[in-house]
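Just below is one structure, and these are the notes that go with it.
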Amino acid sequence: MKRSNRLTLFIFIAMVLGILTGYIVNVSYAETYGGGNAAQQVSADNIALGNTAGYIIGLSTGKGTNGEATIRKFADNISILTDIFLRLVKMIIAPLVFSTLVVGVAKLGDIKAVGRIGGKTMLWFISATFVSLFLGLVLVNILQPGHSLNLPVPDSHASSGVAAASMTLKGFFQHVFPDSVVNAMAHNEILQIVVFALFFGVATAAVGEIGTVVVKFMDSVAHIMLKVTSYVMNFAPFAVFGAMAAIISQKGLTILLTYGKFIGQFYLGLAALWIVLAFVGFIILGKRVFTLLGLVKDPLLLAFSTASSEAAYPRTMEELEKFGCDNRIVSFVLPLGYSFNLDGSMMYMTFASLFIAQAYGMHLGIEQQISMLLVLMITSKGIAGVPRASLVVIAGTLSMFDIPEAGLLLLLGVDHLLDMGRSATNVIGNAMATAIVSKWENSLAAAPVPQLKEV
């Protein structure tokens with residue numbers, strides 16, 4: 001069996017074991033588990049008083065204080081596995097993005113090539129962002145999930161605990177351009193790292209032969225970081241086990257019944273987006289689009305199980321090069337995609353914002369909805385590929401359109417489950433973007449690069 005297939009199998013087994021472990025813990029320690037429908041266990045008094053903690057806890061595990069404390073302690077301890085893995089991934093992201101992008105830009109040779117490829121890349125990103133946001137907007141209007149969720153809404157003055165994102169033009173540009181590359185790397189600000197790497201790569205190419213040493217050094221660093229990545233990926237199944245055990249032990253399977261229709265509708269939207277992306281990919285790449293989808297199954301499963309598209313970044317890069325994408329294109333397009341092309345997160349923003357408005361009985365006209373779409377196209381750029389980052393942007397959008405921010409409480413209980421789907425979709429979107437730009441640049445190999453089989 002190939003090493004990649006073994007990893008997929010181990011991740012899947014870890015996911016199943018994590019769900020079973022979490023379920024056993026939840027059944028054993030949640031004192032009111034199975035005592036009725038989860039929606040009926042929510043305390044209307046707590047919601048009316050704005051007791052958000054009681055609202056969320058009542059929704060998932062009932063009112064048993066001892067059981068809740070035990071489950072919370074178990075979830076905190078088991079999630080250490082996931083935290084270790086995500087921290088290891090974050091450890092390699094900055095040097096990997098910087099080294100590969102500098103090498104890619106320097107090897108392109110001149111700023112005209114960078115501008116040409118960058119223009120094609122941004123054309124795809126803007127188009128994909130618009131399609132994702134628009135599809136979410138259309139589906140939420142057709143499905144009306146906010147009207148069908150039979151739960152009392154939180155008090156409109158309650159705090160969601162999610163800080164709103166800065167929606168100012170000045171704040172946007174401050175987020176794009178770094179004041180310190182060291183600070184940007186320390187906080188894994190991918191967009192800021194990309195900006196500095198572009199300047200550094202273009203300058204390295206411009207100085208000619210003197211820069212050759214730097215390019216060779218950065219190329220060595222990139223290969224070393226990819227080797228480190230292969231070590232880190234061996235820990236992925238443990239991280240998946242910890243993530244699934246933690247979320248299921250806290251939320252239980254009952255929450256899936258309560259929110260089942262809403263979760264199903266959102267995943268239906270993601271499936272529609274996958275079909276759209278695959279269809280466009282088929283038009284441009286032909287039948288090879290199915291090969292691409294097969295190759296990214298590992299990073300796809302990893303992003304889904306950890307709810308972090310960032311965790312899948314190194315593996316996605318490897319699979320795209322196997323597919324035949326020019327490594328210069330991969331190292332240029334993929335980092336940009338993690339700031340500008342998070343398709344699953346984009347769809348969630350319009351879907352969630354209008355869902356909350358519907359839950360509060362607010363009607364937004366078509367003009368307001370289009371305005372929301374355009375605002376999100378700008379404010380969502382640079383969003384991190386980490387869990388719950390989308391909620392920060394949504395919180396800012398709700399305040400702009402006078403929608404109660406407390407409505408986020410309706411989503412917090414199942415946000416992790418939703419984040420799993422949108423993180424996987426982000427991987428598909430970025431992989432498709434990289435392959436298509438490679439095709440447009442005539443830099444896509446005729447067939448996937450042959451790989452040695454492991455016994």
Revision key, fill the gap. When PHE74 is run through (1) at pLDDT 85 or above; (2) on the phi > 0 side of the Ramachandran plot, the failure sits at (2)
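PRO404: within 12 Å of the chain's Cα centre (by Cα), buried (at least 19 other Cβ atoms within 10 Å of the Cβ) and modelled with pLDDT under 85, yes or no?
no
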Check your understanding: Being out of contact with any strand residue (DSSP E or B) (no Cβ under 8 Å at 6 or more places or on another chain), among the basic types (Lys, Arg) and surrounded by 22 or more Cβ atoms within 10 Å (Cβ to Cβ), is that true of even one residue in the range 277-300?
Key -> no
Study note, to complete from the structure: Among VAL202, VAL215, VAL280, the single one that is modelled with pLDDT of 90 or more and more than 30 Å from ARG6 (Cα to Cα) is VAL280
Revision key, fill the gap. Selection from the range 301-310 of residues aliphatic (A, V, I, L, M) and surrounded by fewer than 24 Cβ atoms within 10 Å (Cβ to Cβ) yields LEU301
**Study point:** Every pair of residues 6+ apart whose Cβ atoms lie under 6 Å, when the first sits in the range 78-99 and is of a type in the set (Gly, Ala, Ser) while the second is outside any helix (DSSP H, G or I)
**Key:** ALA94/ASN188
Practice item. Filter the range 77-89 for residues that are at pLDDT 80 or above and either part of a helix (DSSP H, G or I) or buried (at least 20 other Cβ atoms within 10 Å of the Cβ) (or both) and give the result. Key: ASN77, ILE78, ILE80, LEU81, THR82, ASP83, ILE84, PHE85, ARG87, LEU88
Point to revise | Members of the range 274-312 that are touching a Gly at 6+ places or on another chain (Cβ under 6 Å) and within 25 Å of ASN234 (Cβ to Cβ) | key: SER309, GLU310
Exercise for review: Kindly indicate which of TYR231, TYR313 is in a helix (DSSP H, G or I) and either of a type in the set (Lys, Arg) or crowded, with 24+ Cβ neighbours inside 10 Å (or both).
Suggested key: TYR313
Review point. When you go through (1) modelled with pLDDT of 80 or more; (2) small (Gly, Ala, Ser); (3) in contact with a helix residue (DSSP H, G or I) (Cβ under 6 Å, 6 or more places away or on another chain) one by one for GLY62, which number turns out not to apply?
Key: (1)
Check your understanding: Got a sec? Which of LEU364, LEU292 is assigned to a helix (DSSP H, G or I), more than 30 Å from ILE80 (Cα to Cα) and in contact (Cβ under 8 Å) with a residue 12 or more places away in the chain?
Key -> LEU292
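Here is a yes/no grid of residues against (1) modelled with pLDDT under 85; (2) more than 22 Å from the chain's Cα centre (by Cα); (3) under 15 Å from GLY18 (Cβ atoms):
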{"position": "ASP219", "(1), (2), (3)": "no, yes, no"}
{"position": "SER230", "(1), (2), (3)": "yes, no, no"}
{"position": "THR254", "(1), (2), (3)": "yes, yes, no"}
{"position": "THR258", "(1), (2), (3)": "yes, yes, no"}
{"position": "ALA271", "(1), (2), (3)": "no, no, no"}
Check your understanding: Assuming ILE263 fulfils every condition listed in (1) under 21 Å from ASN26 (Cβ atoms); (2) buried (at least 19 other Cβ atoms within 10 Å of the Cβ); (3) of a type in the set (Val, Ile, Thr) apart from one, which condition is it?
Key -> (2)
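The values are calculated or read from the model by the stated rules, or taken from the named source; none is laboratory data. All values reported here derive from a predicted model rather than from experimental measurement. All Cβ positions, glycine included, derive from the backbone under ideal geometry; neighbour counts span all protein chains shown.
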